[in-house]
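Quick notes on the structure that follows.
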Amino acid sequence: MYTGTLKSKSSGLKIVYRNTSLKCSVVRRRGADGRIPVRTLDRGASSSAAAAEPTGYPGGSYDTSLLVKYEHHVARHIWFGEERGPKKELKVAGHGLKLNSRVPLALPPQMESWVSRSGLASLQRTSLNKIDTNLVSAFVERWHLETSSFHMPFGEMSITLDDVACLLHLPIRGIFWSPQDVTEELAVELAVDYLGVSQSQAQSHVRSCRGSYYKLEWLYDIFVHHRAASSWAYATRAYLLMLVGSTIFADKTFTLVEARYLLLFRDLDGCSGYSWGAAALVTLYRYLGDASMYSCKQLGGYPTLLQCWIHEYFPTVGKRGENWNPAGNCGLPRAMRWSYRQGVLKVDDLRPILDELTPTDVIWRPFEDHRAWRVFDEICLYMGCLKWGETVVPYLPDRCLRQFGYRQYVPSPPLDCMMATDIDVDWISYHQSVVDVIGSSSVATTPSEVVDGYLEWYYRVSHPRLVPPHRDAPREVPVPVYDAGPSDPDWARVSTLIRRYLRQVNAEEEDPQFSDLFEALHISRSH
C-alpha cells in the first residue's frame, strides 16, 4: 500500500490519500451520466470482485449504497457546473413581515388562554422579517432525504428535536396527527362549522382556491371580524390556522394553507396534546428533501427555523443581527435572538466557504446556556420515524451525535420509513432506541470527537465537497486530517477569522510578512 499526504497552500487543510495498488489505474473515467464505473481490476482479480464493488460519482459518493437518490440530487449537477436555472438560489416562503403586521400586541384574554394552552404561542414572535435565500439555499444543497441530515465536509449534522424545542419553544412530546382526506365539499363544511362563515361565502372562497385550501389573508379577515364580534372560538381557530399556515406549515404557494389543518383546532382545549415540534420538523424535512433535488426550485416549511439553526451552529457563515445576548435573555425562544441582515454573498460564493469548514468552525452545543428555560429531553435521542399526516420521515440522531455531546461513530444504515408500521408505538416507547443510540458511544472529550475510521467511511459514502478543486484530480478517496482546534467558541471564531484572511491572501508560513498572524493562529488553536 502507498500512503501519502498533501497540504493545500490556500487552506492549510491536510489530505491523506491512499493508493491500494500501484498496478491499478488511479484515474477513473466517468461516463456521460457522471458515474464512475468499476475500477480497473488488478492482475489476477476475479470479475465477481468487480461486480461486487459499487460504482460512484465524481467527488463522491464512491459507495452508492447510502445516498441512493444522489443521481437526481442537486449536488451532482453542481459538480459539473449545472445550475437549477438562471437563479441559483431557491424561492423561499417567508411570511415574517406579513405575520408581524397580523399578530396583535395583545390578544383578548378569552383568546389568549386558548392560544397559550395550544403550545403554539411562541410562533407569534419568532419569524425573521426576511430570509437570506442564498444562505438557506447553500445549506439545502447539502441535505439528503435518505439520512435526514446535512452532509458537511467533516460529517453529518441535522436539525434535531432539541433544536426545535430551544429555537421555537414548541412542545416536542405529544401525539402525531393521523391523516384525513378533505375534499372541497368538506373544506366548505369545516369553514361553516368551525370558522363561522356562511355556506355561500365558504363555497365561493374554496372555489377560488381551486382546491381544499384557505387563503391566509382570508383567515386573518375572519379573525378580525370575529374578534370584533366577540366570537372567541371562531376567532381563535382562524388565528391559529393562519399562524401555523404562516410558519411551521407554510407551503410553496406562499398564500394558502391546507383546509385539513382546521381539523387540528376543532377542540381548542385538546389541541395542546400534539407534538408540534415534531410537526414542524417533519414538514421541514419533507420540503428540504424536495428542494435538494435538481428539478425543484422552491422551498416550503418554516425557513426561520432553518436559518436560525445555521446562525446558532455556524457563527462565521452568513450575516446576521443579534437582538440580545443569550446570557441576558429572559427565557424567550432562541429564534428571537436573531434578526435579518442582508448578506452580500451569493450561493456560488458560499459553496466553497462551506466546503472548507472544519469542526472548529462549529458551535456543537449552542444551547447549553439556554437549559434554564429548555431542559434537554432525552426523547430528542429517539431514533425512528416521525410522522405528521401522511408524511413520514426518518429521524436519526445517531448520525449527528456530536450535537448531543457524544463521540460520533459510523451510524447504522438509515431506516426505511416505507416499512414502518408502528410509528406511534415506537414514539411512545422511545427509551429502547435512546439506549441503542448512545449505548455504542461515549461522552465526547472534545466537542468534535469521532471514532477511528469514521471519516474514512464518511468520505466513501458521501460527497464532502460541492465545488471540485480540480476536475482531473486522482480518484482515490481523500480523507481530511484536521489540526486540533479550540473548543471554546470565542477562540474558535478568532481562529477561523485569522485562517480565513490568511487563505484569502494566499499566505504561507514561510512568508515573513505574515509570521505574526500565523503565530496568532497557533496561539488561538491552543486554547
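The values are calculated or read from the model by the stated rules, or taken from the named source; none is laboratory data. Because the structure is a prediction, the values reported are computed rather than measured. All Cβ positions, glycine included, derive from the backbone under ideal geometry; neighbour counts span all protein chains shown. Accessible surface areas use protein heavy atoms only, side chains included; no ligands, DNA or RNA. Shrake-Rupley method; radii C 1.70, N 1.55, O 1.52, S 1.80 Å.
Is it fair to say Leu219 is in contact with a Lys or Arg (Cβ under 7 Å, 6 or more places away or on another chain) and over 29 Å from Phe139 (Cβ atoms)?
On the way: in contact with a Lys or Arg (Cβ under 7 Å, 6 or more places away or on another chain): no; over 29 Å from Phe139 (Cβ atoms): yes.
So Leu219 does not fit the description; no.
Scanning segment 442-459 finds one or more residues that are on the phi > 0 side of the Ramachandran plot, in a loop (DSSP other than H, G, I, E, B), out of contact with any strand residue (DSSP E or B) (no Cβ under 7 Å at 6 or more places or on another chain) and at pLDDT 80 or above. Counting only residues that are modelled with pLDDT of 75 or more and open to solvent by 60 Å² or more (accessible area, probe 1.4 Å), segment 495-507 holds 2 of them. Among the residues of segment 442-457, count how many are of a type in the set (A, V, I, L, M, F, W, C), open to solvent by less than 30 Å² (accessible area, probe 1.4 Å) and within 13 Å of Asp398 (Cα to Cα). Count: 0. The number of residues in segment 132-174 being open to solvent by 10 Å² or more (accessible area, probe 1.4 Å) and more than 15 Å from the chain's Cα centre (by Cα) comes to 5. As a summary of the residue check, Pro486 satisfies the conditions (1) in a loop (DSSP other than H, G, I, E, B); (2) surrounded by 14 or more Cβ atoms within 10 Å (Cβ to Cβ); (3) modelled with pLDDT of 70 or more except for the one numbered (3).
Take Val197 and tell me if it is in contact with a helix residue (DSSP H, G or I) (Cβ under 6 Å, 6 or more places away or on another chain) and among the hydrophobic types (A, V, I, L, M, F, W, C).
Values: in contact with a helix residue (DSSP H, G or I) (Cβ under 6 Å, 6 or more places away or on another chain): yes; among the hydrophobic types (A, V, I, L, M, F, W, C): yes.
Yes, satisfied.
Any chance segment 121-128 includes a residue that's within 17 Å of the chain's Cα centre (by Cα) and buried (at least 17 other Cβ atoms within 10 Å of the Cβ)?
yes
All conditions but one from (1) modelled with pLDDT of 95 or more; (2) in contact with a Cys (Cβ under 9 Å, 6 or more places away or on another chain); (3) closer than 17 Å to Asn129 by Cα apply to Arg320; the one that does not is (1).
For segment 411-437, what are the residues that are farther than 12 Å from Leu396 by Cα and of a type in the set (Val, Ile, Thr)?
Here is the first cut: in segment 411-437, the residues farther than 12 Å from Leu396 by Cα are 418-432, 435.
Correct list: Thr421, Ile423, Val425, Ile428, Val435.
Condition check for Glu217 on (1) over 27 Å from the mean Cα position of the chain (by Cα); (2) open to solvent by less than 20 Å² (accessible area, probe 1.4 Å); (3) without any contact (Cβ under 8 Å) to a residue 40 or more places away in the chain: one failure, at (2). Applying the condition of being more than 14 Å from Asp436 (Cα to Cα) and charged (D, E, K, R) to segment 370-398 and asking which residue is most open to solvent (accessible area, probe 1.4 Å) yields Glu390.
Checking each residue in segment 227-248 for being of a type outside the set (Lys, Arg) and either open to solvent by 10 Å² or more (accessible area, probe 1.4 Å) or at pLDDT below 95 (or both) picks out Ala228, Ala229, Ser230, Ser231, Trp232, Ala233, Tyr234.
For segment 135-155, the condition holds for at least one residue, the condition being that it is hydroxyl-bearing (Ser, Thr, Tyr), touching a residue at least 60 places away in the same chain (Cβ under 8 Å) and part of a helix (DSSP H, G or I). For segment 78-108, a residue qualifies if it is open to solvent by 30 Å² or more (accessible area, probe 1.4 Å), over 25 Å from Leu256 (Cα atoms) and in contact (Cβ under 8 Å) with a residue 60 or more places away in the chain, and the qualifying residues are Glu82, Lys88. The residues of segment 399-414 that are buried (at least 19 other Cβ atoms within 10 Å of the Cβ) and either in a helix (DSSP H, G or I) or among the hydrophobic types (A, V, I, L, M, F, W, C) (or both), listed by number, are Arg399, Cys400, Leu401, Arg402, Gln403, Phe404.
If you take just the helices (runs of 4 or more DSSP H) that sit entirely in segment 50-133, which of them hold at least 3 residues that are touching a Cys at 6+ places or on another chain (Cβ under 9 Å)?
Result: 109-118.
Hey, among the residues in segment 422-441 that are among the small types (Gly, Ala, Ser) and in a helix (DSSP H, G or I), which one's least open to solvent (accessible area, probe 1.4 Å)?
In the first step, residues of segment 422-441 are kept if they are among the small types (Gly, Ala, Ser); the result is 429, 433, 439-441.
Checking which are in a helix (DSSP H, G or I) leaves us with 433, 439.
Working: Ser433: 17, Gly439: 61 Å².
By that ranking, first place goes to Ser433.
Of the residues that sit in segment 175-196 and are closer than 30 Å to Val434 by Cα and not polar (S, T, N, Q), which one is farthest from the chain's Cα centre (by Cα)? Among those that are closer than 30 Å to Val434 by Cα and not polar (S, T, N, Q), it is Pro179. Exactly one residue out of Asp377, Asp398, Asp348, Asp361 is of a type in the set (Asp, Glu) and under 18 Å from Pro315 (Cβ atoms), and it is Asp361. Looking only at residues of segment 175-212 that are among the small types (Gly, Ala, Ser) and closer than 27 Å to Leu281 by Cβ, we find that the one that is surrounded by the fewest Cβ atoms within 10 Å (Cβ to Cβ) is Ser178. Using the structure shown, decide if Tyr382 is of a type in the set (Ser, Thr, Tyr), in contact with a Pro (Cβ under 9 Å, 6 or more places away or on another chain) and at pLDDT 95 or above. Considered against the rule, which asks whether it is of a type in the set (Ser, Thr, Tyr), in contact with a Pro (Cβ under 9 Å, 6 or more places away or on another chain) and at pLDDT 95 or above, Tyr382 comes out as yes.
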